[in-house]
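Quick notes on the structure that follows.
The values are calculated or read from the model by the stated rules, or taken from the named source; none is laboratory data. Keep in mind the model is a prediction, meaning the values are calculated, not measured. Please note: Cβ atoms are built from the backbone with ideal geometry, for glycine as well, and neighbour counts cover all protein chains shown.
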Amino acid sequence: MDVDRFEIRLSGSGGQGIILASIILAEATGIFEGYHVSQTQSYGPEARGGKCKAEVVISSKQIDYPKAVQLDMMLSMNQASCDAYCFDFKPNGLLLVDSSLVEQVSTSRVVGLPFTEIAREVAGKDLVANIVALGVLGYLCPVLSIKSLEAALAARVPKGTKKMNSKALQAGIRAAEKFDMDSLPRSIIPDEEEEI
């Protein structure tokens, strides 16, 4: 698939695995899908608990500017990061949020699923909520195949955690499959179809 520029922002708190999720996403699209990819990250001085964000820019061409300018997709794992980083959407941009932690959003094109609750159900801990979210994002991302995402996940996660992380990824994919995308407005600007 020819992609001019596809931009994804991931956000949450330090310790939620946002940076790891963005690296897996970048490797899935770059190594396994063969796109040009740029991955950047920033976070506050706090190691844990402070806001953090990571951005992945994907293109069939060389990338001239590494940071996101107009988002196609954004993932927000908590309210503080959603409030701080939820801006710069394309007309058909999509916001993904952890519905158990994010109550207020600034767009009508939002997919709210309880990533943290799903993580507890499949792994007994919040630790893999980032991977559940990555499964949802991967399923909804038009420039990424699930096969590439699974391969990148298996290559990146710590030894001994592959099974748990794979279960979390599959749980996210199943949750995304069940979400009614037809319930979302087609575009923020009516009758406008943006090119990928």
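Considering the conditions (1) in contact with a strand residue (DSSP E or B) (Cβ under 9 Å, 6 or more places away or on another chain); (2) over 15 Å from PHE179 (Cβ atoms), SER99 is excluded by exactly one of them, (2).
Please report, ordered by residue number, the strands (runs of 3 or more DSSP E) entirely within the stretch 47-121 with at least 3 residues that are touching a residue at least 60 places away in the same chain (Cβ under 8 Å).
Numbers: elements: 51-59, 71-76, 89-98, 110-113.
Counting at least 3 such residues, we get 71-76, 89-98, 110-113.
Residues in the stretch 135-148: is at least one more than 25 Å from ARG186 (Cβ to Cβ), modelled with pLDDT under 95, charged (D, E, K, R) and in a helix (DSSP H, G or I)? The answer is no; no qualifying residue exists. When the residues of the stretch 84-101 are filtered to those that are charged (D, E, K, R) and modelled with pLDDT under 95, the one that is surrounded by the most Cβ atoms within 10 Å (Cβ to Cβ) is LYS90.
Going through the stretch 67-83 one residue at a time, which ones are surrounded by 22 or more Cβ atoms within 10 Å (Cβ to Cβ) and either farther than 14 Å from VAL97 by Cβ or small (Gly, Ala, Ser) (or both)? Step through it out loud before you land on a result.
So in the stretch 67-83, the residues surrounded by 22 or more Cβ atoms within 10 Å (Cβ to Cβ) come out as 68, 72-77, 81-82.
The answer is ALA68, ASP72, SER76, SER81.
Any idea which residue in the stretch 152-165 is nearest to the chain's Cα centre (by Cα), counting only those that are buried (at least 16 other Cβ atoms within 10 Å of the Cβ) and more than 20 Å from GLY30 (Cα to Cα)? The qualifying residue nearest to the chain's Cα centre (by Cα) is ASN165. The conditions of being under 16 Å from the mean Cα position of the chain (by Cα), assigned to a helix (DSSP H, G or I) and either of a type in the set (A, V, I, L, M, F, W, C) or buried (at least 17 other Cβ atoms within 10 Å of the Cβ) (or both) are not met by GLU7.
Residue count for the stretch 97-127 satisfying the condition of being hydrophobic (A, V, I, L, M, F, W, C) and out of contact with any Ser or Thr (no Cβ under 7 Å at 6 or more places or on another chain): 9.
Out of everything in the stretch 95-144 that is within 18 Å of GLN16 (Cβ to Cβ) and hydroxyl-bearing (Ser, Thr, Tyr), what residue ends up being farthest from the chain's Cα centre (by Cα)? So the residue we want is SER100.
Can you find a residue that is part of a loop (DSSP other than H, G, I, E, B) and at negative phi anywhere in the stretch 163-178? So far as the stretch 163-178 goes, no, none of its residues is part of a loop (DSSP other than H, G, I, E, B) and at negative phi. Kindly establish whether LEU134 is crowded, with 21+ Cβ neighbours inside 10 Å, touching a Gly at 6+ places or on another chain (Cβ under 9 Å) and of a type in the set (A, V, I, L, M). Against the criterion (crowded, with 21+ Cβ neighbours inside 10 Å, touching a Gly at 6+ places or on another chain (Cβ under 9 Å) and of a type in the set (A, V, I, L, M)), LEU134 qualifies.
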